[in-house]
Amino acid sequence: MNTPSHKALVPFVSVENMMKLVHSIGIEPMLIGLADAIESDFKRWDKFDKTPRVASHSAEGVIELMPTSDGEVYGFKYVNGHPSNTALGLQTVTAFGLLANVGDGYPVLLSEMTLLTALRTAATSAMAAKYLAPKGATTMAMIGNGAQSEFQSLAMKAIVGITHVRLFDIDAAATEKCAKNLANMGLTVTKCPSAQSAMEGAHIITTCTADKQYATILTDNMIGSGVHINAIGGDCPGKTELHRDILLRSDIFVEYPPQTRVEGEIQQLDPDHSVTELWQVITGQAIGRHDVKQITLFDSVGFAIEDFSALRYVRDQVSNTEFFGNLDLLADPDDPRDLFGMVLRADPARALE
Ligand code: NAD
């Protein structure tokens with residue numbers, strides 16, 4: 001990284017710079033790079049401090065902190081989830097995050113993470129699908145065509161090799177927007193009149209809707225054998241997308257069980273219902289897909305290690321570029337014990353003496 005002139009200046013990646021970074025790397029190469037970073041951190045799962053995210057719920061939504069550390073670097077993300085925000089012209093999900101050096105506790109990166117969350121969520125979905133989706137999957141149903149949907153579609157194209165997305169949203173304007181954004185991106189895009197019709201011929205079914213309730217986006221009769229379900233939108237207590245019967249027919253894969261049991265689709269099941277941790281599939285300690293008829297379900301809620309990996313990737317990518325500024329975030333007097341003197345010396349009245 002272009003070393004800041006002083007250690008107390010913290011490299012900061014703004015939304016504008018994140019967009020420049022995305023375009024300089026390319027969206028699909030960046031999704032692949034993020035998936036590689038996440039996969040390599042999932043392979044060293046036991047190196048990380050792990051804790052379910054700390055959530056503060058309200059009637060309108062949730063605000064969460066997601067910390068983790070690998071012993072050398074510490075990271076956290078601040079993220080909200082407010083399904084009613086879009087009606088106010090605001091994002092459902094916004095985020096920012098930070099990496100710090102464990103050795104001295106000084107932050108080494110502060111970054112926007114609204115865009116980065118969409119990218120890392122899509123990269124994680126595709127990484128899971130690479131292990132769990134049926135071989136040769138070409139077609140994905142994309143239910144919920146909001147902010148995350150194009151990222152989800154492109155990650156499945158770049159990493160799993162799908163060629164066709166079938167879109168459905170209860171809001172036709174969202175489907176129009178998604179279809180328009182995905183035009184000329186190398187995917188065949190079909191706008192569908194119902195969730196049921198979106199499912200026709202789909203090998204992968206992604207649900208990515210936002211509603212603060214137990215919703216039933218998919219019912220059991222819609223799900224044929226052999227499909228992979230990538231369930232993204234059920235990620236809070238009381239906020240799910242799938243009918244319980246689908247869960248009972250599926251082999252379920254999760255990020256971190258203590259968090260997913262509270263937040264994921266499996267909150268609908270007994271607390272001891274068997275699930276497989278994704279990192280174990282990636283390291284070969286557990287079996288992923290073993291049967292063409294098997295229904296696999298990635299019950300995604302989003303875990304802190306994915307954000308840590310994404311921030312680490314961004315830190316590496318922006319080094320030696322212009323895509324960051326330096327933030328005067330940390331008070332750092334020359335004499336570490338003279339914090340007060342630093343304030344006195346900054347008194348404008350003193351400058352006139
Ligand atoms: P968004 O509000 O931009 O889009 C959600 C879309 O879902 C909207 O277009 C809405 O019309 C549609 N929708 C609502 N109910 C529907 C239904 N019954 N059938 C079909 N469509 C329906 O939200 P977003 O930013 O795209 O996020 C989508 C969901 O993903 C949210 O619930 C969010 O919390 C979740 N999310 C999860 C992760 C994760 O890591 N698992 C990460 C980011 C976001």
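Taking 7 Å steps out from each Cα toward its Cβ at Ile170 and Thr138 produces label points 3.3 nm apart. Helical runs (DSSP H, four residues minimum) scored at -39500 (n - 2.57) apiece and divided by the length of the chain put the mean residue ellipticity at 222 nm at -9000 deg cm²/dmol. Equivalent ellipsoid of the chain: semi-axes from √(5λ) of the C-alpha gyration tensor, largest first, are 39, 21, 20 Å. If I take all pairs of Cα atoms in segment 20-107, what percentage of them are more than 16 Å from each other? Summing the P(r) tail past 16 Å for segment 20-107 gives 69 percent.
Just check segment 68-128 against the gyration tensor rule for me: Cα atoms, a ≥ b ≥ c as the square roots of the eigenvalues, rounded for a/c under 1.5, and otherwise prolate or oblate depending on whether a/b exceeds b/c. Taking the square roots of the gyration eigenvalues as a ≥ b ≥ c, segment 68-128 is oblate. Given axes a ≥ b ≥ c from the Cα gyration tensor, I'd like to know whether segment 124-180 is rounded (a/c under 1.5), prolate (a/b larger than b/c) or oblate. The shape class here is prolate. On a C-alpha basis, how far is the centre of segment 175-196 from the centre of segment 275-332 in Å? Whole number, if you could? Comparing the Cα centres of segment 175-196 and segment 275-332, I get a distance of 27 Å.
Over segment 241-353, the hull volume per residue, using the convex hull of the C-alpha atoms, is 254 Å³. Any of Lys191/Lys239; Lys130/Lys212; Lys20/Lys177; Lys47/Lys157; Lys47/Lys77; Lys130/Lys239 with alpha carbons more than 24 Å apart? Name them for me. Pairs exceeding 24 Å: Lys191/Lys239; Lys130/Lys212; Lys47/Lys157; Lys130/Lys239.
For segment 162-282, the spherically averaged projection of the C-alpha convex hull amounts to 8.1 nm². Is the shape of segment 206-267 best called rounded, prolate or oblate, per the rule: a/c under 1.5 gives rounded, else a/b larger than b/c gives prolate, else oblate, with a ≥ b ≥ c the square roots of the Cα gyration tensor eigenvalues? Verdict is oblate for segment 206-267.
Length gained on full extension, Met185 to Val102, computed as 0.36 nm times the residue gap minus the Cα-Cα distance: 25.8 nm.
Beyond 18 Å, the tail of the calculated P(r) for segment 97-210 holds 52 percent of the Cα pairs.
Rule-based calculations on the coordinates, nothing more; no lab input. Nothing here was measured: the structure is a model prediction, and the numbers come from that model. Because the Cβ atoms are built from the backbone with ideal geometry, glycine has one as well, and the counts that use them run over all protein chains shown.
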